[in-house]
1. Go through the stretch 145-175 and give me each residue that's surrounded by fewer than 14 Cβ atoms within 10 Å (Cβ to Cβ) and among the charged types (D, E, K, R).
2. Please return the ranges of strands (runs of 3 or more DSSP E) entirely within the stretch 129-203 where 3 or more residues are among the charged types (D, E, K, R).
3. Exactly one condition in (1) out of contact with any Cys (no Cβ under 9 Å at 6 or more places or on another chain); (2) modelled with pLDDT under 95; (3) closer than 25 Å to residue 195 by Cα is false for residue 47; which is it?
4. With the structure loaded, tell me whether residue 52 is of a type outside the set (Lys, Arg), farther than 21 Å from residue 9 by Cβ and within 13 Å of the ligand (Cβ to nearest atom) or whether it fails that test.
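The values are calculated or read from the model by the stated rules, or taken from the named source; none is laboratory data. Please read all numbers here as calculations on a predicted model, not as lab measurements. Cβ placement follows ideal geometry from the backbone for every residue including glycine, while neighbour counts extend to all protein chains displayed.
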Amino acid sequence: MSCYDEFPEYYDLIYNRFQQSDTFLKLTQYSFNRDERLLDLCCGTGEVTAHLLKKGFWNITCMDAELGMLSVARKKLEKYDLEFTCASMCEFSADNEFDGIMVRQAINYLLDEDRLVDGLRHMYLALRPYGRLVFNAPNHWPEKEYKDRMHECTQDNLQVIVHETNTLDGKILTHKQRCIIHDMEKETIVRLTDENTFAMYTREEFSHALDAAGFSKHHYYGAGLCHYTKESPSMYFLATK
Ligand SMILES: C[S@@+](CC[C@H](N)C(=O)[O-])C[C@H]1O[C@@H](n2cnc3c(N)ncnc32)[C@H](O)[C@@H]1O
């Protein structure tokens, strides 16, 4: 059961901790100009787009494979004139349409190296000449351990406690979040389990895949857009067509 298709209305609450870092938002802002045509791919509930709209960007298409996530995004961004499209990042059809594509917290849903290259190739083809792709990913290395964690978050009248477990099998990580959601106004408790699997890639594997997809050059950064090191918790890529 995944939050994306079963309970998207709780996404911003349950995934709040992943939305706190401003590194990805800074990289998108630095990489694109305000009037460029952008695609927020795997947009989820539209948090990246919401940030860019506040910064003066306006020409953005939001795309996600899940209608429920898109409908939360549409509601959140209803005062803006944006396009919303339901499509998969490995199957969408666009040809030389965008100056920029951003994929936050989702590239690892391309579940093996062939699909990673295929997905990146789709993005490459959707970009105009010299168009840029920005994405982030956890920084993976073969002996890395993924620990279990507890998190808490409160948003308006809702409070959540999340027990996160991570199980790595080869390159596939199963990420489970057992959530207890307390509605402090209605005095109700809801228990939900969100489970997703994704593939973990090293920095080198992303670099090879970008080259294989045809990108002419790319740069990568560590957390805070600092110089990448092997211990960086996350990595940020900027690739040019
Ligand atoms: C962790 S969320 C990130 C959402 C958003 N980018 C953000 O940073 O807030 C991952 C999103 O990727 C979407 N997704 C997963 N696989 C996808 C695919 N193959 N094509 C398009 N969207 C996909 C999910 O529906 C979900 O909305």
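1. 145, 147, 148, 149, 152, 156, 169
2. 172-183, 188-199
3. (2)
4. When the stated conditions are applied, residue 52 passes them.
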